[in-house]
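Read the structure below first, then the notes.
We did not get these values from a lab; they are worked out from the coordinates using the rules stated. Fair warning: this is a prediction, and the values are worked out from it, not measured in the lab. No Cβ is skipped: glycine too gets one built from the backbone with ideal geometry, and neighbour counts run over all protein chains shown.
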Amino acid sequence: MITALAGGVGASKFLEGLSRAMPPENISIIVNTGDDIKLFDLYIAPDLDIVTYTLAGIVNPVTGWGIKDDSFNCLVRLLNYTEGERWFNLGDQDLATHIFRTQMLREGHPLSAVADRVRTRLGVKSRILPMTDTHTPTTIITDQGSLHFQEYLIKHRTEPTVKAIRFENIESAQPAPGVIESILSAEAVIICPSNPLISIGPILAVSQVRDSLKQTKAPVIAISPLVGGASLKGPTDRMLSDLRMEVSAEQVARLYADFLDVFVLDRQDEGARAKIEALGLKVIVTDTIMSDGDKKLALAETTLAALN
């Protein structure tokens with residue numbers, strides 16, 4: 001049994017390979033919900049949907065989010081009525097997920113129950129767990145004011161300088177059912193190649209999660225989301241720089257060092273191996289760029305092999 005901590009696109013690529021490398025029903029995935037946002041009075045959970053759509057085989061392969069071959073007729077008509085700005089794309093089929101989720105939440109069902117219903121209806125065999133049932137949106141404090149992470153990422157295209165990051169309501173957030181148990185009972189825990197600040201960071205900030213990673217008897221392994229000092233997808237490098245942290249795989253390893261056993265490093269960063277090993281971690285050097293299905297599978301197989 002493997003438990004993975006995951007953000008969005010980078011994590012979903014790895015999880016696609018992992019679900020081919022081992023029985024998908026033996027995988028539990030704890031997903032970041034700090035990206036969740038309410039738009040048009042609908043509850044949207046981007047990372048949950050990216051992971052679910054990817055494992056269901058329906059994700060848009062070009063963008064890594066949304067549903068392939070989707071149309072945007074509803075959004076176009078809606079914005080015509082409201083004269084609103086189109087900065088967040090919601091496809092017609094994608095909207096069905098958001099409408100269903102919002103309805104279930106209003107009826108009193110927790111987010112975890114909704115996520116489980118969606119993934120089973122889409123035929124996903126792996127267990128998908130939101131990190132918490134509490135709404136804990138990530139706020140990015142910038143030189144242009146406080147922004148929801150989605151506004152910072154999409155509306156403002158990561159142009160504002162990041163001053164700080166805040167996870168709203170995180171003090172009162174409890175782990176969703178199954179989260180802690182999946183960590184403590186796992187044979188191994190994998191930290192997917194996701195932004196350590198705003199994808200994995202919110203998960204670690206939920207009560208008991210970080211402590212559980214320290215307590216588990218299972219080996220904990222993380223895959224670097226940086227290659228050659230840059231992020232392949234998303235603003236990891238920009239955010240680290242803005243926050244005056246070193247933009248490197250070593251910095252990512254330091255952020256996880258208190259609970260980590262193994263760190264997977266890209267070949268381009270092999271020069272950092274000794275420094276990461278000095279943190280007390282076993283280091284595996286391999287190709288972490290998942291440019292096609294074979295490379296996704298190869299990275300997953302290498303990661304699993306490193307756990308032995």
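Things to note:
- Note on region 16-44: residues that are under 18 Å from residue 202 (Cβ atoms) and either of a type in the set (Asp, Glu) or under 11 Å from the mean Cα position of the chain (by Cα) (or both) amount to 8.
- Test: residue in region 142-150 that is crowded, with 19+ Cβ neighbours inside 10 Å, within 22 Å of residue 44 (Cβ to Cβ) and β-branched (Val, Ile, Thr): yes
- Qualifying residue in region 270-286 (condition: in a loop (DSSP other than H, G, I, E, B) and in contact (Cβ under 8 Å) with a residue 60 or more places away in the chain): no
- Scanning region 205-226 for residues that are in contact with a Pro (Cβ under 9 Å, 6 or more places away or on another chain) and either of a type in the set (A, V, I, L, M) or within 17 Å of residue 249 (Cα to Cα) (or both) returns 206, 209, 222, 223, 224, 225, 226.
- The set of residues in region 81-96 that are more than 24 Å from residue 127 (Cβ to Cβ), surrounded by 12 or more Cβ atoms within 10 Å (Cβ to Cβ) and not small (Gly, Ala, Ser) comprises 87, 88, 89, 90, 92, 95.
- A search for C-beta distances below 6 Å between a residue of region 153-167 that is under 12 Å from residue 197 (Cα atoms) and any residue that is part of a helix (DSSP H, G or I), counting only pairs 6+ apart in sequence or on different chains, returns 162/239; 162/242; 167/202; 167/205.
- Under the condition of being closer than 16 Å to residue 221 by Cα and either crowded, with 24+ Cβ neighbours inside 10 Å or among the hydroxyl-bearing types (Ser, Thr, Tyr) (or both), the residues counted in region 200-211 number 2.
- Looking across region 46-56, the residues that are in contact (Cβ under 8 Å) with a residue 60 or more places away in the chain and farther than 12 Å from residue 119 by Cβ come down to 46, 47.
- Filter result (in a loop (DSSP other than H, G, I, E, B) and out of contact with any helix residue (DSSP H, G or I) (no Cβ under 6 Å at 6 or more places or on another chain)) within region 241-259: 243, 244, 246, 248, 257, 258
- In region 115-146, the qualifying residues are those that are more than 18 Å from the chain's Cα centre (by Cα) and of a type in the set (Val, Ile, Thr), and the one that is nearest to residue 205 (Cα to Cα) is 141.
- Near pairs, Cβ below 8 angstrom, 6+ apart or cross-chain, from region 218-245 (among the small types (Gly, Ala, Ser)) to any residue that is surrounded by fewer than 16 Cβ atoms within 10 Å (Cβ to Cβ) and assigned to a loop (DSSP other than H, G, I, E, B): 218/187
- Residues of region 168-177 satisfying the condition of being under 13 Å from residue 198 (Cβ atoms) and in contact with a strand residue (DSSP E or B) (Cβ under 8 Å, 6 or more places away or on another chain): 168
- Qualifying residue in region 39-50 (condition: touching a strand residue (DSSP E or B) at 6+ places or on another chain (Cβ under 6 Å), farther than 16 Å from residue 101 by Cβ and β-branched (Val, Ile, Thr)): no
- The number of residues in region 5-29 being of a type outside the set (A, V, I, L, M, F, W, C), assigned to a loop (DSSP other than H, G, I, E, B) and farther than 20 Å from residue 213 by Cα comes to 2.
- Subset of region 43-80 that is hydroxyl-bearing (Ser, Thr, Tyr) and surrounded by 19 or more Cβ atoms within 10 Å (Cβ to Cβ) - its residue that is farthest from residue 297 (Cα to Cα): 43
- Screening the candidates 275, 233, 282, 214 for the property of being surrounded by fewer than 19 Cβ atoms within 10 Å (Cβ to Cβ) and closer than 13 Å to residue 193 by Cα yields one hit, 233.
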